[in-house]
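Quick notes on the structure that follows.
The values are calculated or read from the model by the stated rules, or taken from the named source; none is laboratory data. Predicted model, so just to flag it, every value in this text is computed and none were measured. Glycine gets a Cβ as well: all are built from the backbone with ideal geometry, and neighbour counts include every protein chain shown.
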Amino acid sequence: MYEIQLRGTVTASRPTVAGPPLRVYPNPSQGQEVQLSRPAAGALYNPLGQLVRTFPKTARLSTAGMTPGVYLLRTTDGTGTRLVVQ
């Protein structure tokens, strides 16, 4: 019989299995709707890692009203890509 004593914080995580690559076009976007290479749900983050918006499963994403810059598009299945808005 063994006794296990833990000190500090114990964390565990499952490895994520990323889906197929995600492409966005047109990229860069001129403030119009962009097409995703496959339907996906996820979120857009700015260069500071702040959440800009989330989106449900869709194959199109509107960039209207977004500040010009580079964004990280991260999907719920673990894939991601950069989106440039001009």
Can you tell me how many residues in segment 34-44 are in contact with a Gly (Cβ under 9 Å, 6 or more places away or on another chain) and under 14 Å from Leu83 (Cα atoms)?
1
Note on Thr9: of the conditions (1) at pLDDT below 95; (2) not in a loop (DSSP other than H, G, I, E, B), unmet is (2)
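Output the number of residues of segment 64-76 satisfying the condition of being farther than 23 Å from Pro20 by Cα and either part of a strand (DSSP E or B) or polar (S, T, N, Q) (or both).
2
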Tell me, please, whether a residue that is farther than 19 Å from Asp77 by Cα, at pLDDT 95 or above and in a strand (DSSP E or B) can be found in segment 34-51.
yes
